[in-house]
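Before any comments, here is the structure.
The values are calculated or read from the model by the stated rules, or taken from the named source; none is laboratory data. Nothing here was measured: the structure is a model prediction, and the numbers come from that model. Cβ coordinates were reconstructed from backbone atoms using ideal geometry, including for glycine residues, and neighbour counts include every protein chain displayed.
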Amino acid sequence: MKGNRRRETRIVHVGSHPEKFRGVMNPPVYRASTVVFPTVAALREASKNRFDTVYYGRHGTPTSFALEEAMADLEGGHRSVAVCSGLAAITVALMAFLKSGDHVLLADTVYDPSRRVAQFLDTLGIATSFYDPMIGGAIADLMRPNTKVVFTESPGSLTFEVQDIPAIAKAAHAAGAKVLLDNTWAGGHFFKPFDHGVDISIQAATKYIAGHADVMIGLVTAKNENDWHALKTQSALMGYCASPDDCYLTLRGLKTLDVRMERHQETGLLLANWLAKRSEVATVLHPALPSCPGHDVWKRDFTGSSGLFSIVLNEVAAARVEAMLDGMEIFAMGFSWGGFESLMIPANPTSIRTATKWQSAGPLLRLHAGQEDPEDLIADLEAGFARLGGAA
């Protein structure tokens, strides 16, 4: 598709090639392991170009290639790699640019499984240091001669600190390090990573990209060809391939990302502002609200907000919080997010922070605003607050 088409148009059409599939708009599901070749010469040629052609099922099929094409276009990168989960995407991205003896900096607010990957890196002789996500350009003081990667996640998991990615990228690049970003919160829709100095963008496409709570998949997008080749080589080495059915469902979900994200944003903001007025709530941690750390950076760099945010309650007994959550009718308790359903879970960041200290007035609840009617969601929350206060 021509590069001058607007985002809303491109997302509908990129990755679709009806001219290749007898007029069919969505690429078919290619379930393949073995791929056969008519001649030795054809086999040899395919082997030389195994990442760019249908060579073996694990390396990709027309289904995964279509998804990767669409994702790279969405984020503005060179090319993408589809893998079997968001955690696989994080692992592949780190392993592609680290080796024994290297050092990596991870934001202290990253998704908890990212912290656990650091434990795995330690067994390989790769050192990890956690840093304050609000450090900005002062991260230059933490760079070592062997620092090869600065891993960012903005906003941060659970507490939603918005990082100054351009300032961090400038310092990291000056020291010769790659900048990796977990961009899942913005879905590739509200933040364009490569316009802000990021080298590698990571998506748990399980969430907003697929969008229907029924797929496990990850996507990694590189800014340039060399980095893409490193990612593709690493994913092939580790055997981290995405299933063709999941690639198909994710590409189908991607077509409606624009309209879904707008609804998530609208409902999320409505709920966040309503919650900010509740006497039971001490703080709302939503990047679009001034109460969230890094709000000014969000206003500068992001074009919108998703449906995921947290609230901090005033001090209250744990039993009352459980009564609130156990009785919710629409807000379900479950991990992940980004699907059509609204979710709410309790969380305690205290035990997992090492570079910063989490302190709050009371318990933290993470909410995901789904596709339900906002008034019904508010009614569910109102009933929940009644239980929190001790009402039957």
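Listing for the model above:
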quantity: Yes/no for THR109 being under 19 Å from the mean Cα position of the chain (by Cα) and in a loop (DSSP other than H, G, I, E, B); calculated: yes
quantity: Matching residues in the stretch 143-152 - criterion: being buried (at least 24 other Cβ atoms within 10 Å of the Cβ) and not aliphatic (A, V, I, L, M); calculated: PHE151, THR152
quantity: For LEU325: the one exception among (1) at pLDDT below 95; (2) closer than 26 Å to ARG116 by Cβ; (3) out of contact with any Asp or Glu (no Cβ under 8 Å at 6 or more places or on another chain); calculated: (1)
quantity: Selected residue [at pLDDT 90 or above and of a type in the set (D, E, K, R)] from GLU69, GLU19; calculated: GLU69
quantity: The stretch 10-58, residues that are assigned to a loop (DSSP other than H, G, I, E, B), of a type in the set (Asp, Glu) and over 28 Å from VAL259 (Cα atoms); calculated: ASP52
quantity: Among (1) at pLDDT 95 or above; (2) under 25 Å from ARG263 (Cβ atoms) - the single one SER336 does not satisfy; calculated: (1)
quantity: Some residue of the stretch 282-296 being within 27 Å of LYS48 (Cα to Cα) and either among the aliphatic types (A, V, I, L, M) or in contact with a His (Cβ under 6 Å, 6 or more places away or on another chain) (or both); calculated: no
quantity: Counted residues, the stretch 338-380 - those being at positive phi and touching a Pro at 6+ places or on another chain (Cβ under 9 Å); calculated: 0
quantity: Unmet requirement for ALA140, which otherwise passes all of (1) aliphatic (A, V, I, L, M); (2) within 22 Å of the chain's Cα centre (by Cα); (3) not in a loop (DSSP other than H, G, I, E, B); calculated: (2)
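Rundown of residues vs (1) surrounded by fewer than 21 Cβ atoms within 10 Å (Cβ to Cβ); (2) free of Cβ contacts under 8 Å to residues at least 12 places away in the same chain; (3) within 19 Å of SER351 (Cα to Cα); (4) not assigned by TED's automatic domain parsing to the domain that holds LYS170, yes/no style:
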site	(1), (2), (3), (4)
ARG116	yes, yes, yes, no
SER129	yes, no, yes, no
ILE135	no, no, no, no
ASP141	yes, yes, no, no
THR159	no, no, yes, no
